[in-house]
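For reference, the structure discussed in these notes is given below.
Where a number appears in this text, it was derived from the coordinates with a stated rule and is not lab data. Keep in mind that this is a model prediction, so the values were computed, not measured. Cβ placement follows ideal geometry from the backbone for every residue including glycine, while neighbour counts extend to all protein chains displayed.
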Amino acid sequence: MVATHRAIPYLRVLGVDPAAAGPTGYGIVESDGRRCKMLHYGAFRVATKRQKEFSGAALQDVHALLCRLIEEFAPDVMAVESVFTALNMRTALRLAEVRGVVLLAAAQHGVTVHSYSPREVKASVAGYGHADKRQMQLMVRALLSMAETPEPADAADALAVALCHLQAEQARARFGLPDVRLLVKSRSLRGGPRTARSHETPVPIAGI
C-alpha cells in the first residue's frame, strides 16, 4: 500500500520544559513541513527574593511568562514535557503545580496542548531515549541549524519538546495517519468511551 502524502502547512509550536526548582525552559519553533526554524528560546528562573514574597509568586510569574509568549508569537499548539514518575513525591508535586499553570495559560488563550514524556522527546530528537543533556543540546543545534549551542540546557530541552511534536505531526501527515484529536472528538459526539482528553494527544504520559 502506497502512503498518501499530504501537504504539511506551516506549524508554529511553543515547547515548554516545566521545572520544579530550576529554570522553566521555553522555545518557539516553526516548520514548513521540510525545515524547522527557531524563532525564540530561553529559560525563566524566578528570583529567590520574589519567591519569598508569597507562596504562589513563582507560579504567577511562570503563568505570566507563558501568556506573554502566546500573545507575542501566536503558536498554533503547545508541546509540554510531562511529569517524570521517577521523581520523589515532593518534587513531582511541585513540578505538577508548574505544569498546571502552563496548561492554564494555554487554555485561557485557546491553544491546544500535547504532552510528551522525557524518553519520547529524547528518542525523537536524539534517536536514543536515554540521551544526556549535552547530546540533546547538540542535536537541537543541528536540527535547527543554529549558529551556537542553545543554553541553558532547560531551553534546549524546550526546543526539543517542540521538535518532538513537529516530527510527530510530519509523520502523521506524510503517511496519511488520522488526527487522533479528531477521532477522540468523533467518539465523544457519538457518546462512546473517551480514551483521552479532547485537547491532548493520547501518548504515554508519566504523571498527571
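Each residue of segment 35-52 is assigned a 3J(HN,Hα), and the resulting list reads 10, 10, 10, 7, 9, 5, 7, x, 9, 10, 10, 7, 4, 4, 4, 5, 5, 7 Hz, derived from the Karplus form 6.51 cos²θ - 1.76 cosθ + 1.60 (θ = phi - 60°), x at Gly and Pro.
Amide H contacts of residue 112 (H built 1.01 Å from N, in plane; Pro and chain starts excluded): 78 sit under 5 Å, all sequence-distant by 5 or more or on other chains. Among 67, 164, 36, the order by Cβ neighbours within 10 angstrom, fewest to most, reads 67, 36, 164.
Taking other residues whose beta carbon is less than 12 angstrom from the beta carbon of residue 64, and scoring Lys, Arg as +1 and Asp, Glu as -1, yields 0.
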